[in-house]
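Reviewing the structure listed below.
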Amino acid sequence: MGLMRKRKVGILGATGSVGQRFVQLLDGHPWFELGALFASERSAGKRYKEVAKWFLPSEMPAEAAEMVVKSLDDVGTSENEDLSIMFSALPGEIASEVEKRCARAGCAVSSNVAVHRMEKDVPLVIPEINADHLALIEEQKSRRGWDGFIITNPNCSTIVMALSLKPLMRYGIKAVHVSTMQAVSGAGYAGLPSMAILDNVIPFIGREEEKMESEPLKILGTLEGNEIRNAPFTVCASCHRVPVIDGHTMAIWANFAESVSADEIKEAFKNFTSDIKTPFAPEKPIIVREEQDRPQPKLDRDAGNGMSVSVGRIRAGRMENEIKYIVQGHNTIRGASGASILNAEVLVERGYI
Ligand SMILES: NC(=O)c1ccc[n+]([C@@H]2O[C@H](COP(=O)([O-])OP(=O)(O)OC[C@H]3O[C@@H](n4cnc5c(N)ncnc54)[C@H](OP(=O)(O)O)[C@@H]3O)[C@@H](O)[C@H]2O)c1
């Protein structure tokens, strides 16, 4: 993109599990520079290094470490009007009002949070699949009378699954069954006591199945005028927490309208490319593993800097026209902060900011 001025960005919920990933991934970003960090009253007024219990393997970025964390009351005030993008990683209950206030004040909000995802005029975007849905931004701004706007990325397991489904759409998907094995980082830093998850599997994740069964249909749907027409198939999900730190793995059974071979599906995964070429876009959104025991979270979550998903074990199922496979992706990079950053890059590249 040649020389361009760096956009100032803020992070809502900067001290949390997803927030820390934002801080880590934005360090040294070629297009974005950190302008402000926001968290709860517990953290506001103190330096980031004093309040963020840093648990990522790299050092806390020096610039962020010295920044004084701001309160949510400061969002949308004139003091922060230089922020052109706000990344959101707040708990759902408090995110809605703050994100709307921010958009009203002229900011582009790139949110991880579920609360606005399914609203008709809010783009729910995985750029390699549906960057064209960003056209809803104009509708949103005019309908709501905002200078700014909100865009969202899907739930972490939905992103990983939906990317793998995109190249299969041309074979006429009729139904998808999915069983997840989800990492503990998806529950937030304080989410699950170690005594609950070590030596264990928890066969319930609140509101996860509902998200996996609805969000992919919007993402894989088509933009018609000012509306999205949902993709015409059903997703049936069962979600489980397993003692893995990072990386969601899922077993998928996909049923097609017509007969299709495992080899054709493997070729479709291999040939999948994307025209998104911004800094966080992985060279290969989907990587095919040939080994019979891959993908595995420990070995494959960092593929493509954590932005690629890996598929393997592509084989025929037992039901009519059924293919089954495994897909794995990094839940806090591809599934959360990296996804929001990629979305924001596409906003810049396409002139929305
Ligand atoms: N983890 C994932 O893989 C993942 C993936 C996709 C989406 N998400 C979504 O991202 C959001 C954040 O998740 P997380 O896992 O990062 O949670 P988390 O680790 O619990 O972090 C929560 C963040 O929000 C702040 N916060 C909490 N209560 C607040 C309040 N009353 N006022 C202002 N700030 C407050 C916290 O600040 P303090 O430190 O000051 O308390 C912290 O910065 C959630 O909506 C989640 O559903 C998570």
(Q) Condition first: touching a Gly at 6+ places or on another chain (Cβ under 9 Å), farther than 24 Å from Met319 by Cα, among the hydroxyl-bearing types (Ser, Thr, Tyr) and at pLDDT below 95. Can you find one or more residues in the range 157-164 that meet it? (A) no
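Table: residues versus (1) within 16 Å of the ligand (Cβ to nearest atom); (2) surrounded by fewer than 24 Cβ atoms within 10 Å (Cβ to Cβ); (3) of a type in the set (Phe, Trp, Tyr); (4) not assigned by TED's automatic domain parsing to the domain that holds Ala108.
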| site | (1), (2), (3), (4) |
| --- | --- |
| Glu283 | no, yes, no, yes |
| Arg289 | no, yes, no, yes |
| Gln296 | no, yes, no, yes |
| Gly304 | no, yes, no, yes |
| Val309 | yes, no, no, yes |
| Arg315 | no, yes, no, yes |
| Glu320 | no, yes, no, yes |
| Lys324 | no, yes, no, yes |
| Ser340 | yes, no, no, no |
Q. Inside the range 167-183, can you point out the residues that are within 21 Å of Gln296 (Cα to Cα) and away from the ligand (no atom under 11 Å from the Cβ)?
A. His177, Val178, Ser179, Thr180, Met181
Q. Among the residues of the range 95-110, how many are within 16 Å of the ligand (Cβ to nearest atom) and assigned to a strand (DSSP E or B)?
A. 2
Q: Considering only residues that are farther than 16 Å from Leu90 by Cα and away from the ligand (no atom under 15 Å from the Cβ), look in the range 1-25 and name the one that is surrounded by the most Cβ atoms within 10 Å (Cβ to Cβ).
A: Arg7
(Q) Being touching a residue at least 24 places away in the same chain (Cβ under 8 Å) and surrounded by 23 or more Cβ atoms within 10 Å (Cβ to Cβ) is true for just one of Ala36, Ala44, Ala52. Which residue is that? (A) Ala52
Q. Got a number for residues in the range 184-212 being within 11 Å of the ligand (Cβ to nearest atom), part of a loop (DSSP other than H, G, I, E, B) and either touching a Cys at 6+ places or on another chain (Cβ under 9 Å) or outside the structural domain of Asp300 (by TED's automatic domain parsing) (or both)?
A. 1
Q.
Every residue in the range 62-94 that is more than 16 Å from the ligand (Cβ to nearest atom) and at pLDDT 95 or above, please.
A. Ala62, Glu63, Glu66, Leu83, Ser84, Ile85
Q) Is it the case that the range 24-33 has a residue that's more than 29 Å from Ile245 (Cβ to Cβ) and either over 20 Å from the mean Cα position of the chain (by Cα) or not assigned by TED's automatic domain parsing to the domain that holds Trp146 (or both)? A) yes
Q) Tally time: how many residues in the range 143-172 are over 15 Å from Glu128 (Cα atoms) and in a helix (DSSP H, G or I)? A) 6
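The values are calculated or read from the model by the stated rules, or taken from the named source; none is laboratory data. What you are looking at is a predicted structure, and each value in this text was computed from that prediction instead of being measured. No Cβ is skipped: glycine too gets one built from the backbone with ideal geometry, and neighbour counts run over all protein chains shown.
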